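A.B. asks: Sharing a structure with you now.
The values are calculated or read from the model by the stated rules, or taken from the named source; none is laboratory data. All values reported here derive from a predicted model rather than from experimental measurement. Backbone-built Cβ (ideal geometry, glycine too); neighbour counts: all protein chains shown. Surface accessibility is based on the protein's heavy atoms, side chains included, excluding ligands, DNA and RNA. Shrake-Rupley method; radii C 1.70, N 1.55, O 1.52, S 1.80 Å.
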Amino acid sequence: MSQTEHARSIRIPFESSQVIRDLRAGDALLLSGVMYTARDAAHQRMLQGLERGEELPIPVEREVIYYVGPTPPRPGQAIGSAGPTTAYRMDPYTPQFIEMGLGGAIGKGYRAAEVREAIRGRAFAYMAAIGGAGALLGRCIKEASVIAYEDLGTEAIRRLVIEDFPVIVINDTLGSDFYEVAQEPWRRTGGGG
Amino acid sequence: MREVHVDAIASAISEMCQSAGVALTDDMLQALEKAYRDEQSPLGRHAIRILLDNARLATATGVPYCQDCGVAIVFARVGQDCHVVGGALSEAINEGVRCGFAAGYMRASMLQSPLDRRNTGDNTPAVIHYDVVPGDRLELAITLKGGGSENMSRQAMLKPADGVEGVKRFVVETVANAGPNACPPLVPGIGLGGTFDKSTYLAKKAIMRPIGEFNPDPAIAELEKELLVLCNETGVGPQGLGGIVTCLWTPIEVYPCHVTALPVAVNIQCHANRRREVIL
């Protein structure tokens, strides 16, 4: 498994549904383009707004949401430390965003079975960035501007311009889960003593 | 009676927050370097390489190692002959956190209330554990505890019949379930014995111990060694991408317990193991 040496450059928002459908669990990608940040609070607020008949503050068609709450930038920096947060907290909201045509999400950690099922057959990819590598990942973010829910502070929705942002595809349209695939060969125990 | 002024306490806490936010301790860096040498999975090795690069970059640029700068957990060992002057000790600690997080451009993650979820804006309050000890010194140990790993922590009131095998099973299951959610390689702090609350306190105390330092009780040290092997057989590996280094260390703290009980707690610590300590 030397995916990382063969990382593919991909533009986001994804150029077509086919580009997303062609992604496979385990693919290492270097993403460049524009993506939006949102965590639990922002997801909840977006869906509550929709229920009231309001428009979403971000485009979703083939777009990518990054689950991150960055540290404040020092003067002269675009953003501070900006690694992924744990994705399962967004599980209750993700299927609805997939329905609306969202192209992908970046976080870390396992997704619920319902989310993996919601991804199957759709043009959506769940991708993981290296959790805790916030200083390094922040460097791939060239511009950051708050575009909605400023009162949420670190959890506000930001528009990020990124360059060669490294991720690994975890859950793909075929229903594969790369964590399962990657761990299996190294498992020596069923769980304890 | 020796006096310590609250200003000295606030400034020590502030400095420790800023320094811990951008630099892992040496024992932790060495553990990651060893993990890089030991790991056999190429993807796992790659993940550790990135973490080492991230550590170097954070220290060089002053950008926090992780965006989750954590809850400030403080263990204060107050000498019974030490007199804190100029104000309240807890307030001094919180003032230190407030200043340190602002000066270090660190993220405020603490909420006023778990239900209304409004951010306090300055990462206070800290979670403070006090212990009164002999002597006239004030020892302050701090860790910046990330939420992702904290969320994967668990406690169980096992039956005495479950015995050491039950303890091992519970620890390994907790580590396996935590998987990539908790940002491995991990340091699961293990609290064994006491009561329901004491076991979780012990687990937190365990993660304060430097990597490589065994429990002084040889039998518990043996269990620590065995648990490290078992945890690393889960296959989770660095970042959950598969491999043989899921945990860097498995420290256990022990306390006597009730005849009916076998409490065990596992407080998961991620690789952003950011500790500092000072004696005033």
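A.B. asks: So what is the relative contact order of the stretch B:21-86, in percent, for Cα pairs below 8 Å that sit 6 or more residues apart?
C.D. replies: 39 percent
A.B. asks: Any idea what angle helix A:40-51 forms with the longest principal axis of chain A, computed on alpha-carbon atoms, 0 to 90 degrees, nearest 10?
C.D. replies: For helix A:40-51, the angle is close to 70 degrees.
A.B. asks: Amide H neighbours of B:HIS83 under 5 Å, at least 5 residues apart or on other chains, H built in the peptide plane: list them.
C.D. replies: Amide H neighbours of B:HIS83, under 5 Å, 5+ apart: B:ARG2, B:GLU3, B:VAL4.
A.B. asks: Let a ≥ b ≥ c be the square roots of the eigenvalues of the Cα gyration tensor of the stretch B:134-280; is it rounded (a/c under 1.5), or, if not, prolate (a/b larger than b/c) or oblate?
C.D. replies: oblate
A.B. asks: Return the Cα extents of chain B along principal axes one, two and three, sorted largest first, each rounded to a whole Å.
C.D. replies: Rounded to whole Å, the extents work out to 52, 50, 39 Å.
A.B. asks: Quick one: plug the Kirkwood hydrodynamic radius of the stretch A:1-66 (C-alpha pairs) into Stokes-Einstein at 4 °C, 1.567 mPa s, and report D in µm²/s.
C.D. replies: Roughly 94 µm²/s, to the nearest whole number.
A.B. asks: What are the extents of the Cα atoms of chain A along their three principal axes, in Å, largest first?
C.D. replies: Per principal axis, max minus min of the Cα coordinates gives 47, 40, 39 Å.
A.B. asks: Something else: 222 nm [θ] for chain B, helices only, -39500 (n - 2.57) per DSSP H run of 4+, per residue, to 500? If you can, show how the numbers build up before the last one.
C.D. replies: Working: 8 runs with 111 residues, N = 280.
Helices in chain B give a 222 nm mean residue ellipticity of -13000 deg cm²/dmol.
A.B. asks: Here is a further query. Starting with the highest mean, order B:219-227, B:246-254, A:40-48, B:125-133 by the number of other Cβ atoms within 10 Å, averaged over the residues of each peptide.
C.D. replies: B:246-254, A:40-48, B:219-227, B:125-133
A.B. asks: Past 29 Å, Cα to Cα, is the threshold; run B:LYS145/B:LYS168; A:LYS108/B:LYS198; B:LYS205/B:LYS225; A:LYS108/B:LYS159; A:LYS142/B:LYS204 against it and keep the listed order.
C.D. replies: A:LYS108/B:LYS198; A:LYS108/B:LYS159; A:LYS142/B:LYS204
A.B. asks: Using a 1.4 Å probe and ignoring any ligands, DNA or RNA, find the accessible area of B:LEU89 and quote it in Å² to the nearest 10.
C.D. replies: Using a 1.4 Å probe on the heavy atoms, I get roughly 30 Å².
A.B. asks: By how many nm would the segment from A:ARG187 to A:ARG8 lengthen if fully extended, with 0.36 nm per residue of separation less the alpha-carbon distance?
C.D. replies: Separation in residues times 0.36 nm, less the Cα-Cα distance, equals 61.6 nm.
A.B. asks: Output the peptides A:8-17, B:60-69, A:136-145 sorted from most to least packed, where packing is the average of other Cβ atoms within 10 Å over each peptide's residues.
C.D. replies: So the order, starting with the most tightly packed, is B:60-69, A:136-145, A:8-17.
A.B. asks: Going from most exposed to least, what order do A:LEU152, A:LEU174, B:LEU241 have by accessible area with a 1.4 Å probe?
C.D. replies: Descending accessible area places them as A:LEU174, A:LEU152, B:LEU241.
A.B. asks: May I pose another question? How high is the relative contact order of the stretch B:164-255, in percent, with contacts defined as C-alpha pairs under 8 Å that are six or more residues apart?
C.D. replies: 41 percent
A.B. asks: Using the per-residue mean of other Cβ atoms lying within 10 Å as a proxy for protection, in what order, highest first, do the peptides A:96-103, B:51-58 fall?
C.D. replies: So the order, starting with the most tightly packed, is B:51-58, A:96-103.
A.B. asks: Determine the relative contact order of chain B: mean sequence separation of Cα pairs under 8 Å and six or more apart, normalised by residue count, in whole percent.
C.D. replies: Result for chain B is 26 percent.
A.B. asks: To continue, here is another question. Over all alpha-carbon pairs of the protein assembly as shown, lay out the pair-distance distribution in 20 Å bins, whole %, shortest bin first.
C.D. replies: 25, 56, 19, 1
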